[in-house]
1. Given (1) within 25 Å of G56 (Cα to Cα); (2) exposed (fewer than 15 other Cβ atoms within 10 Å of the Cβ); (3) among the small types (G, A, S), identify the lone condition not met by S155.
2. Consider H208 carefully, then state whether it is modelled with pLDDT of 95 or more and more than 18 Å from the chain's Cα centre (by Cα).
3. With within 30 Å of S144 (Cβ to Cβ), touching a Ser or Thr at 6+ places or on another chain (Cβ under 8 Å) and of a type outside the set (G, A, S) as the only criterion, which of K159, K198 stands out?
4. Determine whether A117 is surrounded by 17 or more Cβ atoms within 10 Å (Cβ to Cβ) and under 30 Å from A40 (Cβ atoms).
5. Give me the pairs: first residue in segment 99-116 and at negative phi, second residue of a type in the set (D, E, K, R) and part of a helix (DSSP H, G or I), beta-carbon distance under 6 Å, and six or more apart or on different chains, which are they?
6. So, in segment 103-114, how many residues would count as being under 27 Å from M1 (Cβ atoms) and crowded, with 16+ Cβ neighbours inside 10 Å?
7. Please determine whether any residue of segment 166-183 is at pLDDT 95 or above, polar (S, T, N, Q) and closer than 25 Å to V132 by Cβ.
8. Consider T33 carefully, then state whether it is modelled with pLDDT under 95 and either out of contact with any helix residue (DSSP H, G or I) (no Cβ under 6 Å at 6 or more places or on another chain) or of a type in the set (A, V, I, L, M) (or both).
Amino acid sequence: MLELKNATVVYSESAAGPGGTAQEMSGSLSARTKAIDVTALSVKEGESIALIGGNGAGKTTLLLAIAGVVELSGGTVEVEGIALTKKTVNEIRKRIGMVFQNPDDQLFMPLVSDDIAFGCRNLGMPADLTAVQTDEILAKLNISHLRSRSSLRLSAGEKRMAAIATVLVMKPSLLMFDEPTAFLDHRARRALIGILKKLDHTKIVATHDLAFAAEVCSRVIILKDGRIAADGKLNLLYDKVTMQNCGLEVLNGG
């Protein structure tokens with residue numbers, strides 16, 4: 001379903017700051033930072049993966065690279081057998097739904113129903129089919145009562161569900177979440193766990209919330225300095241040596 005091989009994202013910076021020389025800007029070792037360096041990553045259809053790591057480990061950058069938002073410096077990404085290129089990026093994005101950390105990045109229309117319908121309308125979907133799919137997603141996430149509300153008047157939990165709805169309505173094969181429990185209180189977090197457990201999509205969840213990861217995922221990938229430091233089952237979350245080597249606290253109960 002998803003394959004990465006020798007995938008790198010390299011940021012060039014001036015070692016001497018904004019006034020650095022042309023040589024420094026063009027790629028001396030001191031002026032280049034590998035944000036992502038993934039030799040191999042394979043995700044099977046239906047898997048639910050927790051992507052964890054400390055601040056700056058590369059979690060968000062990896063998600064954005066898979067979606068073609070951040071350009072690879074080298075290597076390949078394939079989604080359902082389609083290699084990510086400038087020519088195929090739009091096709092790839094039809095197969096990927098990404099829910100950003102801040103719901104306000106995805107909610108910008110006057111009403112929640114408009115936000116959900118936006119993607120369908122943007123693709124030229126007939127109005128009647130757009131309405132049907134919008135209704136289906138609202139019902140599936142138990143947020144039909146939010147249909148005529150402005151996102152400006154929603155709670156953090158309601159915004160999160162609305163943002164997920166804007167992605168699900170496009171019927172992606174792969175769902176990617178960036179810190180989905182951010183800003184949520186206990187009740188909204190529990191509601192989110194319930195929804196994610198019901199979704200049979202392939203899922204990659206970047207999160208610092210290890211207890212949440214243990215409830216909604218079955219596989220753990222730990223990033224450190226842009227590289228995969230560990231990849232395995234949920235027991236990784238309780239492995240003190242592995243977690244501490246990656247600068248992480250072990251999950252309570254381990």
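1. With respect to (1) within 25 Å of G56 (Cα to Cα); (2) exposed (fewer than 15 other Cβ atoms within 10 Å of the Cβ); (3) among the small types (G, A, S), S155 is out only on (1).
2. Considered against the rule, which asks whether it is modelled with pLDDT of 95 or more and more than 18 Å from the chain's Cα centre (by Cα), H208 comes out as no.
3. Numbers: K198 fails: touching a Ser or Thr at 6+ places or on another chain (Cβ under 8 Å).
Result: K159 is the single residue among K159, K198 that is within 30 Å of S144 (Cβ to Cβ), touching a Ser or Thr at 6+ places or on another chain (Cβ under 8 Å) and of a type outside the set (G, A, S).
4. Criteria not met by A117.
5. P103/K159; P103/R160; L107/D115; M109/D115
6. Within segment 103-114, residues that are under 27 Å from M1 (Cβ atoms) and crowded, with 16+ Cβ neighbours inside 10 Å number 2.
7. Yes: one or more hits.
8. Taking the combined requirement at face value, the residue satisfies it.
The values are calculated or read from the model by the stated rules, or taken from the named source; none is laboratory data. For clarity, every value in this text was computed on a predicted model and none was experimentally measured. Glycine gets a Cβ as well: all are built from the backbone with ideal geometry, and neighbour counts include every protein chain shown.
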